[in-house]
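Asks: First, the structure itself, so that you have it in front of you.
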Amino acid sequence: SSSPSDFDVYRQMAYLFDDPYEMPDSAEKYFLQTLFLSREAGDAQREIESHMNLMNFYYKTNQIKKLLETINTALVLAEKNNHQKALINIYNMIGDMFLVNKRNDELALIYYKKVLEICRPRYKQWEATILNDIGDLYLKMGNDSLALLYVREGLKVAKTMNLKHQISEGYRNLGKIYKSQGRLSEAIHNFQICYNTGCDKCSKVVFHQALI
């Protein structure tokens, strides 16, 4: 039977080719090999990890049919094993797909709230992020009051953990909400805090775009 080191070698090989502009066929081959090895060893945790890697790879390379098949398999396995971190990622990706690909805000909201349910109270970084995302989605749906509620809650969680990126995003979304309400001085104030708080992930261009 295959040892864990075989799994690790194939996984690292897959990551070497993971860039969709490099050699995606090779990346997929090695990710599939880790899936085969994990199944052969009867290792559910590594099998879930392999599905997650494939899921992210198919999402990044826009292979929708394979992505949906992998999501379905991963979801069944993650639910069966109560793998919370996997479920957070799977539900979040399903929400993203409904939001971006299907343009179905209501279904996206259902899956984002599933993520939130799992995050509390254990995964604070995810909780802060998804609260912010739900608030942003409510703003998109035209519900300013719920948008404010979720964004403020996300900001509160982010501040307790000093999560710089989530704090910056929270202030950016507050700015967007106030801007949509015509409260421009408050909007600019919050955009300025977002700009000053921004971490390495936060593009300063975002601040200027928000003001346009």
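The values are calculated or read from the model by the stated rules, or taken from the named source; none is laboratory data. Note that the structure is a prediction, hence the values are computed from the model and not measured. Because the Cβ atoms are built from the backbone with ideal geometry, glycine has one as well, and the counts that use them run over all protein chains shown. Heads up: the accessible areas ignore ligands, DNA and RNA and are worked out on the full protein's heavy atoms, side chains in. Shrake-Rupley method; radii C 1.70, N 1.55, O 1.52, S 1.80 Å.
Asks: Tell me, what is the percent relative contact order of the range 55-114, built from C-alpha pairs under 8 Å that lie six or more residues apart?
Replies: Relative contact order here is 22 percent.
Asks: Could you check the spin-label model distance between residue 188 and residue 68? Points 7 Å from the Cα along Cα→Cβ, value in nm.
Replies: It works out to 4.8 nm between the two label points.
Asks: With every protein chain kept in place and ligands, DNA and RNA left out, what is the accessible area per residue of the range 37-189? Probe 1.4 Å, answer in Å².
Replies: 51
Asks: Here is a further query. Please work out the Cα center distance from the range 131-187 to the range 44-111, rounded to the nearest Å.
Replies: Each part's Cα centre sits 26 Å from the other's.
Asks: Quick one: with all protein chains in place, what share of the accessible area of the range 91-136 is carbon or sulfur, to the nearest percent (1.4 Å probe)?
Replies: Ligands and nucleic acids excluded, carbon and sulfur give 49 percent.
Asks: Excluding residue 189 itself, what net charge comes from residues whose Cβ is under 14 Å from its Cβ, given Lys and Arg +1 and Asp and Glu -1?
Replies: So the surrounding residues net to +3.
Asks: Next up: Can you spot the aspartates and glutamates whose alpha carbon is less than 13 Å from residue 140's alpha carbon? Ignore those fewer than 8 places along the same chain.
Replies: Partners found: 105, 106.
Asks: Still on this structure, please answer the following. Calculate the dipole size of the range 79-152 relative to its Cα centre from +1 charges on Lys and Arg beta carbons and -1 charges on Asp and Glu beta carbons; express the result in debye to the nearest 20.
Replies: 260
Asks: Please list 56-62, 190-196 highest first by mean number of surrounding beta-carbon atoms within 10 Å per residue.
Replies: Final packing ranking: 190-196, 56-62.
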